[in-house]
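Q: Got a structure here, written out as structure tokens. Questions coming.
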Amino acid sequence: MDKINQFWNEFLITTGRDKTLKYQEYYHFELTEYWANELLRLVLIGQKQATASSYEAFILENERLPQVGDLCIITDFHGNPKCVVETTQITILPFNELTYDIVKREGEDENLESWRKGHEKFFRAEGKEIGYAFSEDMKVVFEDFKVIYKID
């Protein structure tokens, strides 16, 4: 936690923001080290500008839904902070209503079919871990963001 707070304080000082400003959360993507770090790499090069989460996960874990203007810290798999992102848009739709025009902003897939296949696999694994079942009509929280601060 110390490295997160140190990183946040450096962000506040470097960007001239109010020292009382708080981040919403810090996290890494995915459930495996390889994918957490690969998706972080895509964020850092500007290819990944969004993320998708299960609506049910927010409910089960008693977390508030992301909101436009939220600031979050993205880490590598081991919790080392690498960037701050600002949420720019929230879209909540059933899994089967997400279009390629929406999901391509995640920067991970060449088509809707591969996005659905990969995200179904993720949602099934996450659901098994925290207690929800994947379905084609489950709500997905699609969060667009922009990187506003990063380190190498």
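The values are calculated or read from the model by the stated rules, or taken from the named source; none is laboratory data. Treat the numbers as computed from the prediction; the structure is a model and nothing was measured. Note that each Cβ is placed from the backbone with ideal geometry, even for glycine, and that neighbours are counted across all protein chains shown.
Q: Across segment 58-87, which residue is nearest to Lys3 (Cα to Cα) among those that are surrounded by 13 or more Cβ atoms within 10 Å (Cβ to Cβ) and among the charged types (D, E, K, R)?
A: The selected residue is Lys82.
For (1) farther than 21 Å from Gln89 by Cα; (2) among the hydroxyl-bearing types (Ser, Thr, Tyr); (3) within 13 Å of the chain's Cα centre (by Cα); (4) modelled with pLDDT of 95 or more, each residue gets a yes or a no:
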site	(1), (2), (3), (4)
Arg17	yes, no, no, yes
Lys22	no, no, no, yes
Asn37	yes, no, yes, yes
Ile45	no, no, no, yes
Thr51	no, yes, yes, yes
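Q: May I ask you to say which residue of Tyr55, Tyr26 is surrounded by 12 or more Cβ atoms within 10 Å (Cβ to Cβ), touching a Pro at 6+ places or on another chain (Cβ under 8 Å) and in contact (Cβ under 8 Å) with a residue 12 or more places away in the chain?
A: Numbers: Tyr55 fails: touching a Pro at 6+ places or on another chain (Cβ under 8 Å).
Selected residue: Tyr26, the only one of Tyr55, Tyr26 that is surrounded by 12 or more Cβ atoms within 10 Å (Cβ to Cβ), touching a Pro at 6+ places or on another chain (Cβ under 8 Å) and in contact (Cβ under 8 Å) with a residue 12 or more places away in the chain.
Q: Considering only segment 88-144, state which residues are crowded, with 18+ Cβ neighbours inside 10 Å, in contact with a helix residue (DSSP H, G or I) (Cβ under 6 Å, 6 or more places away or on another chain), in contact (Cβ under 8 Å) with a residue 24 or more places away in the chain and assigned to a helix (DSSP H, G or I).
A: Passing the criteria: only Val103.
Q: For segment 1-55, enumerate the residues that are of a type in the set (A, V, I, L, M) and closer than 23 Å to Gly107 by Cβ.
A: Hits for segment 1-55 are Leu31, Ala36, Leu39, Leu40, Leu42, Val43, Leu44, Ile45, Ala50, Ala52.
Q: Does Leu39 satisfy being of a type in the set (A, V, I, L, M) and either on the phi > 0 side of the Ramachandran plot or surrounded by fewer than 17 Cβ atoms within 10 Å (Cβ to Cβ) (or both)? Talk me through it step by step, then tell me what you get.
A: On the way: of a type in the set (A, V, I, L, M): yes; either on the phi > 0 side of the Ramachandran plot or surrounded by fewer than 17 Cβ atoms within 10 Å (Cβ to Cβ) (or both): no.
No.
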